[in-house]
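Enquirer: Quick one: the structure is below, and I'll ask about it shortly.
The values are calculated or read from the model by the stated rules, or taken from the named source; none is laboratory data. In this text, all values refer to a predicted model and were calculated from it rather than measured experimentally. All Cβ positions, glycine included, derive from the backbone under ideal geometry; neighbour counts span all protein chains shown.
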Amino acid sequence: MLSELLQGTDVGGFLLIQDSCSYSGRHLLKSFIDAALNREEVVHVLGLDVSEEELKEGLKSFVFQRLHFHDAYADPLGWTDNSPFTVHQFSSSRLTELLKQTAPSKPATLVIDSLSWVLRHISPTAVCHTLQQLKKGGAVRTIIGLLHEDMHSRGIVGSVCRLATSVITVEPGTKGEEALAKITKRSKSGKVTQDEQIFSIRKDLTVTVLSKPTNPGHKRSTTEEQVDPTANLTFNLRLTDAEREAKEKLALPFVFSKEKKTALLHSGPGSGKILYEPDASDDYDQEDPDDDLDV
Amino acid sequence: MAAPVKSMDKPPAEFSPLNFTSFQKKSRTKSLSIPGTRPSVQNGQLLVSSGVTSLDYLLGGGLAVGTVLLIEEDRYDSFSRMIFKYFLAEGVVCRHELFVAAAQDDPDDILQELPAPILDDVAIHRPGEQPRMSCEPQDTLDAMKIAWRYQNLPKVQSALASSSRFGHYYDVSKTMEPEIRQAAKWHRFYHPEHPPLSSGTHSPKLESYSALLKSLRDVIQREGFDLTAPLPKSRNILRVGLHSLGSALWGDDLCCYNNPKNVHALTSFLYGLRALLRTSLSVAVVTVPSHLIQDRALMGSITRLCDNAIALESFKGSERETNPLYKDYHGLLHVRQVPRLNCLASHLPDHKDLAFKLKRKQFTIERLHLPPDLSETVSRVSKGELAGAATAAAACSSATSSAKHLDF
């Protein structure tokens, strides 16, 4: 599923990459930027977390004319008077205007690095509002955002995740270069698909998806040995086939005939019927009921 | 109103005091006869169907007119949205009027996604039907060799349904035809279309909620749903659907902070909503993303302010997904509150462990019961886990599960 998301086929979505301090999601974010640039898309990056040089590091230089970097790293709050982009300009009208300046015809991809910085200065309701309006408006093709989930309370993280069409949570993997991605994708019809994949990112920012992780919880249930209690006993509890057959053939003591069963099951009101069935050893002679008396 | 309403087919073996009876009080009908409604057998309230027949049974026959149903959303808002759409689709089929309010999706889009009704109604699901006095008992008798006396006793009746034609069934895989949908009259409130008039007011009410309440009041008064105004010739029910109240898109920071600034915004809105509904012929369904609300006391007061409250907990993404106990179901359903309308005691559902399953033609709510524990190799640890999972789903543990673990 990670490779499908990297191909960026769904339009009008909001992809959220959630990371924590144990594993940074910025490498995955750069892979997404790289994939978008290779697809000849115009990419706008709102840089709040890291500087322009650090973000452009690793990206090929010939794609830079399609990459527009709005630097909010140096001066996010506008303390000096000439800041290229401040946090307070994060509103849908301002951003749409910004995007239309550079690519008036094609809708662009907007990358926000990172949403955590925006949420620090602007109220979550305003941020959610802006993201929703950008999603609905036609100026943006997709929004890709990075969110540090350990910086915010569960409620804020949950509220932002509700808006996202796909959420990728990255965690460190078991081996060195690998990382674990938990992907949740919500389709238009409301169907939710989830997946877990191990991936690693190479130097040229291509993502290789490795096999699915083996969940230790699953292992416990499947490899549990079925202990056979009939083994290792001093007496025999098993049945051979012939013995099993004989067991099936045995007539059970309270087996009644079909008529008796139906009569008992569907007994009418006030019926006191006596049903007599002669047993094998019974000597039933209609003529003489006291035949066995020796008189 | 002499229309015979068939009560639920309860087997004769079971006896419970809160049984549905087929007894119909012959009273001079002062109650209104509106299509798609019926009076409750317990207290004479006018009921409408919620769209899901199992949910109707759970709530005592249906939603009473003038009440609010609160649905606490599941994590990805898939099943609560489904119930929301069922409610609106039922309104379209019964020819009620609709009022849809949402902040995330356009109400037009929500209405486009309504499920198609199954109008010939052939498949009325009767799961608890016993094999009656049949003439050919051969196959049934051979089914049980040793325990044949128990042949005719009912199996565990797990699905909850009442057999009246009050509710309809819907096919989830198809959307409702445009002709049926356009025949319905409906009103909309889409939050981004109503920008805040003044910003920075420090009132306990929120701009968005006040605008919503005002819009609803205007619709009720204009279209003649108000009970205080003189009655027009034909009356109808207004079905109000409010999607995701309390989420950040309504401008409410209830879900974001532990100590939200607008603590009383949603609660005062619900208070006003209930007052508005009590004096009009309307029913409301409100969904709230309760999994984001950190303050449990606030969630409790939101529940108290609504009449009926249910919570959906879907298994997707949680560790319960792999639990073999839950493999047939999509999630658990908790009934948080049932209303006491004009009576002292409310109708409580018989069973507290409920699980739901969304099938193509039906949304079933079933009683969760443990299957018989036949394997002897199940170790003690996992037995305890199963019992723990079952009790965690219910407020009181069921007697059957604890009896299994007695060892002599």
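Enquirer: Would you point out which residue out of A:LEU98, A:LEU147 is crowded, with 20+ Cβ neighbours inside 10 Å and touching a strand residue (DSSP E or B) at 6+ places or on another chain (Cβ under 9 Å)?
Expert: A:LEU147
Enquirer: A further question on this structure: Being modelled with pLDDT under 85 and touching a helix residue (DSSP H, G or I) at 6+ places or on another chain (Cβ under 8 Å) is the filter here; which residues of the range A:61-75 pass it?
Expert: A:VAL63, A:PHE64, A:ARG66, listed by residue number.
Enquirer: Can you name the condition, by its number, that A:LYS135 falls short on among (1) more than 14 Å from chain B (Cβ to nearest Cβ); (2) of a type in the set (Lys, Arg); (3) crowded, with 18+ Cβ neighbours inside 10 Å?
Expert: Single failed check for A:LYS135: (1).
Enquirer: Here's another thing I want to ask about it. (1) within 14 Å of chain A (Cβ to nearest Cβ); (2) in contact with a helix residue (DSSP H, G or I) (Cβ under 8 Å, 6 or more places away or on another chain); (3) more than 26 Å from A:SER153 (Cα to Cα): which one isn't true of B:GLY241, the others all being true?
Expert: (1)
Enquirer: Which of the residues spanning the range A:91-106 are part of a loop (DSSP other than H, G, I, E, B) and either of a type in the set (Val, Ile, Thr) or within 11 Å of A:LEU134 (Cα to Cα) (or both)?
Expert: Across the range A:91-106, the qualifying residue is only A:SER91.
Enquirer: Would you check if A:VAL160 is under 23 Å from A:PHE69 (Cα atoms) and within 9 Å of chain B (Cβ to nearest Cβ)?
Expert: No: the conditions fail for A:VAL160.
Enquirer: Now a separate question. Can you name every residue in the range A:126-174 that is more than 19 Å from the chain's Cα centre (by Cα), among the hydroxyl-bearing types (Ser, Thr, Tyr) and not in a loop (DSSP other than H, G, I, E, B)?
Expert: Those that are more than 19 Å from the chain's Cα centre (by Cα), among the hydroxyl-bearing types (Ser, Thr, Tyr) and not in a loop (DSSP other than H, G, I, E, B): A:THR130, A:THR142.
Enquirer: Quick one: in the range B:75-87, which of the residues that are more than 10 Å from every other protein chain (Cβ to nearest Cβ) and not β-branched (Val, Ile, Thr) is farthest from B:VAL48 (Cα to Cα)?
Expert: B:SER80
Enquirer: A further question on this structure: Identify the single condition in (1) crowded, with 21+ Cβ neighbours inside 10 Å; (2) at pLDDT below 90 that B:PRO131 does not satisfy, given that it satisfies every other one.
Expert: Of the numbered conditions (1) crowded, with 21+ Cβ neighbours inside 10 Å; (2) at pLDDT below 90, the odd one out for B:PRO131 is (1).
Enquirer: Mind counting the residues in the range A:107-125 that are in a helix (DSSP H, G or I) and surrounded by fewer than 18 Cβ atoms within 10 Å (Cβ to Cβ)?
Expert: Within the range A:107-125, residues that are in a helix (DSSP H, G or I) and surrounded by fewer than 18 Cβ atoms within 10 Å (Cβ to Cβ) number 2.
Enquirer: In the range B:88-115, how many are away from chain A (no Cβ under 14 Å) and outside any helix (DSSP H, G or I)?
Expert: 8
Enquirer: Here is a further query. Look through B:ALA275, B:ALA248, B:ALA265 and report the one residue that is surrounded by fewer than 17 Cβ atoms within 10 Å (Cβ to Cβ) and not polar (S, T, N, Q).
Expert: B:ALA275 is the lone residue from the list that is surrounded by fewer than 17 Cβ atoms within 10 Å (Cβ to Cβ) and not polar (S, T, N, Q).
Enquirer: Another one. Looking only at the range B:253-280, which residues are within 14 Å of chain A (Cβ to nearest Cβ) and among the aromatic types (Phe, Trp, Tyr)?
Expert: B:TYR257
Enquirer: Scan the range B:153-169 and give yes if some residue there is modelled with pLDDT under 85, under 22 Å from the mean Cα position of the chain (by Cα) and not in a loop (DSSP other than H, G, I, E, B), otherwise no.
Expert: The answer is yes; a qualifying residue exists.
Enquirer: For the range B:342-360, which positions are in contact with a Ser or Thr (Cβ under 7 Å, 6 or more places away or on another chain) and assigned to a loop (DSSP other than H, G, I, E, B)?
Expert: Passing the criteria: B:ASP350, B:ASP353, B:ARG360.
Enquirer: Take A:VAL42 and tell me if it is modelled with pLDDT under 90 and closer than 19 Å to A:LEU98 by Cα.
Expert: Yes.
Enquirer: Now a separate question. Checking B:PRO339 against (1) more than 30 Å from B:ASP171 (Cβ to Cβ); (2) at pLDDT below 85; (3) more than 12 Å from chain A (Cβ to nearest Cβ): exactly one of these is not met. Which one?
Expert: Tallying (1) more than 30 Å from B:ASP171 (Cβ to Cβ); (2) at pLDDT below 85; (3) more than 12 Å from chain A (Cβ to nearest Cβ), B:PRO339 fails exactly one: (2).
Enquirer: Going by what's in this entry, would A:GLY155 be described as without any contact (Cβ under 8 Å) to a residue 60 or more places away in the chain and more than 8 Å from chain B (Cβ to nearest Cβ)?
Expert: It is false that A:GLY155 is without any contact (Cβ under 8 Å) to a residue 60 or more places away in the chain and more than 8 Å from chain B (Cβ to nearest Cβ).
Enquirer: Outside any helix (DSSP H, G or I), modelled with pLDDT under 85 and touching a strand residue (DSSP E or B) at 6+ places or on another chain (Cβ under 7 Å): which single residue out of A:GLU196, A:GLU177 fits that description?
Expert: Result of the check over A:GLU196, A:GLU177: A:GLU177.
Enquirer: Considering only the range A:188-203, state which residues are more than 10 Å from chain B (Cβ to nearest Cβ) and in contact (Cβ under 8 Å) with a residue 12 or more places away in the chain.
Expert: A:ASP195, A:GLU196, A:GLN197, A:ILE198, A:PHE199, A:SER200, A:ILE201, A:LYS203
Enquirer: Sticking with this one: Can you pull out every residue in the range B:32-42 that is within 17 Å of B:ASP307 (Cβ to Cβ) and either surrounded by 24 or more Cβ atoms within 10 Å (Cβ to Cβ) or at pLDDT 80 or above (or both)?
Expert: Passing the criteria: B:THR37, B:SER40.
Enquirer: Right, A:LYS100: basic (Lys, Arg) and within 14 Å of chain B (Cβ to nearest Cβ) or not?
Expert: no
Enquirer: Spot the failing condition for A:ILE183; the list is (1) within 14 Å of another protein chain (Cβ to nearest Cβ); (2) over 14 Å from A:ASP19 (Cα atoms); (3) part of a strand (DSSP E or B); (4) in contact (Cβ under 8 Å) with a residue 40 or more places away in the chain, and only one is missed.
Expert: (2)
Enquirer: Go through (1) over 23 Å from B:VAL288 (Cβ atoms); (2) modelled with pLDDT under 90 for A:LYS135 and report which single condition fails.
Expert: Of (1) over 23 Å from B:VAL288 (Cβ atoms); (2) modelled with pLDDT under 90, only one is false for A:LYS135: (1).
Enquirer: While we're here: Look at the range B:281-299 and say how many of its residues are away from every other protein chain (no Cβ under 12 Å) and over 21 Å from the mean Cα position of the chain (by Cα).
Expert: Number of matching residues: 2.
Enquirer: What pairs come up if the first residue lies in the range B:204-233 and is modelled with pLDDT of 90 or more, the second is assigned to a strand (DSSP E or B), and their beta carbons are under 6 Å apart, counting only those six or more places apart or on different chains?
Expert: Between residues of the range B:204-233 that are modelled with pLDDT of 90 or more and residues that are assigned to a strand (DSSP E or B), the close pairs are B:LEU212/B:ALA101; B:LEU212/B:PHE189; B:SER215/B:PHE189; B:VAL219/B:PHE99; B:VAL219/B:HIS187; B:ILE220/B:ASP226; B:ILE220/B:SER280.
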